[in-house]
Amino acid sequence: MSEALKNLMDSIDQLSTKEKALAVHCLLSAMDGRADDDVEQEWLLLAEKRSNELENGKIRPTTWDQIKQKL
């Protein structure tokens, strides 16, 4: 694992829900130099929807520690 990825994983809990969604978007966008505009818009809408669901208590968040335990 690279030092950059290790640093990101170690600090992920410090990010807000919206910052995490933005980080995911940036990572996915970086994987493919040419993103389909429709797909990018759908990802943004989904990230905003999930963020709103978390903030409104409709869904419960999963901690990074819980995710790491499942890996």
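The values are calculated or read from the model by the stated rules, or taken from the named source; none is laboratory data. Treat the numbers as computed from the prediction; the structure is a model and nothing was measured. So basically every Cβ, Gly included, is an ideal-geometry build from the backbone, and we count neighbours across all protein chains shown. Keep in mind that these areas ignore ligands, DNA and RNA; they rest on the heavy atoms of the full protein, side chains included. Shrake-Rupley method; radii C 1.70, N 1.55, O 1.52, S 1.80 Å.
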Say we look at the range 9-22 and pick out the residues that are without any contact (Cβ under 8 Å) to a residue 12 or more places away in the chain and surrounded by 13 or more Cβ atoms within 10 Å (Cβ to Cβ); which of these is nearest to residue 52 (Cα to Cα)? 20
Condition check for residue 6: surrounded by 10 or more Cβ atoms within 10 Å (Cβ to Cβ), modelled with pLDDT under 90, part of a helix (DSSP H, G or I) and touching a helix residue (DSSP H, G or I) at 6+ places or on another chain (Cβ under 6 Å): no
Residue check: is residue 49 open to solvent by 70 Å² or more (accessible area, probe 1.4 Å), modelled with pLDDT under 90, within 13 Å of the chain's Cα centre (by Cα) and not small (Gly, Ala, Ser)? no
Sole exception among (1) assigned to a helix (DSSP H, G or I); (2) at pLDDT 90 or above; (3) of a type outside the set (Val, Ile, Thr) for residue 58, by number: (1)
